[in-house]
């Protein structure tokens with residue numbers, strides 16, 4: 001999978017980088033592969049965090065709506081008790 005072992009322009013670049021930093025091409029290849037694997041696992045973890053977060057957000061939204069509805073029902077009952085003749089009536 002490493003570009004250095006296939007030859008071509010990538011291999012020359014790998015060799016130049018290994019000389020520049022004083023490490024072997026194999027070490028650079030291992031570092032690159034470890035970095036790519038770490039990045040992929042980081043993305044997977046983030047994706048599961050988002051999936052886990054969504055139900056919490058939805059539950060919170062539903063809970064807020066339930067509280068709002070209950071407050072509106074209480075206020076409606078209170079208003080109807082204060083002025084009982086102002087209840088809604090269907091039109092004939």
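Computed from the coordinates by the stated procedures, all read-outs in this text should not be read as laboratory data. This is a predicted model, so every value here is computed, not measured. Neighbour counts run over all protein chains shown; Cβ positions are idealised from the backbone, glycine included.
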Quick note on 57, 76, ordering by fewest other C-beta atoms within 10 Å, gives 57, 76
Fewest-first ordering of 28, 65 by Cβ atoms within 10 Å yields 65, 28
